[in-house]
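This report concerns only the one structure given below.
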Amino acid sequence: MYGVGILKGLGVTIRHFFNTYVEDLRYVGKKLNSTQEFERRQGAGSSGIYTVQYPEEKIAVPERFRFVPFLVVEDDDHPERPGHDWCTACGICAKVCPPQCIWIVRMEDPVTKRPIPQPEAFFIDIDICMNCGFCAEFCPFDAIKMDHDYELADYDRTGVHIHDKDKLSKPFSYWRSIAPTTAWEEAVDRGGWEHIDIIKQKQKTGAPVAKPGAAWDSPYVPPIVPVKEEAPAEAAATGVPAAGAAEAATAATEMPVEDAAKEERRKKREAALARKHAKEQDGEG
């Protein structure tokens, strides 16, 4: 009323302006090389505007930052489908894309010519892409995601800026590293860490599904279900001799060579993920 709001707004602007110089006095003659100081300067505890000495200093992008899409593929250490595409070449992303910058060629059987739910070719023109995220939002298989890599300048945009399937494909572990919270939420909605089709197949066959517990648990290791040992009295009630029950329990606990190798690989993956998580926590600290 009568310009009071304008004066209050100008007061906020002036205070913000002077706070900029107050903050800059703390860093006279030095760069924000310290991780903690840099995070504090660009965090909620800071005030005023600040200058980032790019490319030596870079602002950490938010987890839901959207840039050029990429395709999710299985990790190379996946026990069943190493390097397999999550994309089924359904074409929904190409249909909903506003600038129509996505081209997909579905794979087909060379003998029967029947379509195979895998992309043979996948192209995205990043010069046309508007980074809206519709492709990732409408994908029913969580197979296309928005990347955080925004440093894509090049002198040759005619060929380099048309990303093919090899350049677009990135492992599932990469998606978990740049967006751990979002990846965990999606896994909760799918009912497991793996592809939705694999989860449905395992549910039909009764195989255990690796469901998300913590944000950094292994995406390939199903939950361990404890085996309840049969008591001697229960064995007698069922008519099985005690010696026969013991032999059956011993045979059940013996692990085949192939299962033992899978268990060893599982332990190595868990140890590697634990080391990676600890390293990232040390870097954040």
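The values are calculated or read from the model by the stated rules, or taken from the named source; none is laboratory data. Everything numeric here is computed off the predicted structure, so don't read it as measured data. Quick reminder, even Gly has a Cβ in these numbers, built from the backbone with ideal geometry, and neighbours come from all protein chains shown.
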Worksheet entry | Single match in Ala183, Ala179, Ala153 (criterion: modelled with pLDDT under 90 and either of a type outside the set (D, E, K, R) or surrounded by 13 or more Cβ atoms within 10 Å (Cβ to Cβ) (or both)) | Ala153
Worksheet entry | Residues satisfying the stated conditions in the stretch 107-138, i.e. in contact (Cβ under 8 Å) with a residue 60 or more places away in the chain and more than 21 Å from the chain's Cα centre (by Cα) | Cys129
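The rows are residues; the columns are (1) assigned by TED's automatic domain parsing to the domain that holds Ser173; (2) modelled with pLDDT under 90; (3) in contact with a strand residue (DSSP E or B) (Cβ under 7 Å, 6 or more places away or on another chain); (4) surrounded by fewer than 17 Cβ atoms within 10 Å (Cβ to Cβ).
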{"residue": "Glu37", "(1), (2), (3), (4)": "no, yes, no, yes"}
{"residue": "Arg81", "(1), (2), (3), (4)": "yes, yes, no, yes"}
{"residue": "His84", "(1), (2), (3), (4)": "yes, no, yes, yes"}
{"residue": "Thr88", "(1), (2), (3), (4)": "yes, no, yes, no"}
{"residue": "Gly91", "(1), (2), (3), (4)": "yes, no, yes, yes"}
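Specify the residue that is surrounded by the fewest Cβ atoms within 10 Å (Cβ to Cβ); the eligible residues are those in the stretch 193-210 that are farther than 19 Å from Val73 by Cβ and small (Gly, Ala, Ser). Spell out the reasoning first.
Of the stretch 193-210, the ones farther than 19 Å from Val73 by Cβ are 200, 202-209.
Checking the rest, the ones that are also small (Gly, Ala, Ser) come to 206-207.
Details: Gly206: 6, Ala207: 11.
Residue satisfying both the conditions and the ranking: Gly206.
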Worksheet item: Given the conditions (1) in contact with a Gly (Cβ under 9 Å, 6 or more places away or on another chain); (2) exposed (fewer than 13 other Cβ atoms within 10 Å of the Cβ); (3) among the basic types (Lys, Arg), and given that Lys113 satisfies all but one, which numbered condition is not satisfied?
Response: (1)
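Inside the stretch 78-163, counting only strands (runs of 3 or more DSSP E) that do not spill past its ends, which hold 1 or more residues that are out of contact with any helix residue (DSSP H, G or I) (no Cβ under 9 Å at 6 or more places or on another chain) and closer than 22 Å to Tyr174 by Cα? Walk me through how you get there before you give the answer.
Values: elements: 102-108, 115-125, 144-146.
By residue number, 115-125.
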Worksheet item: Can you tell me how many residues in the stretch 156-176 are buried (at least 16 other Cβ atoms within 10 Å of the Cβ) and of a type in the set (S, T, N, Q)?
Response: 2
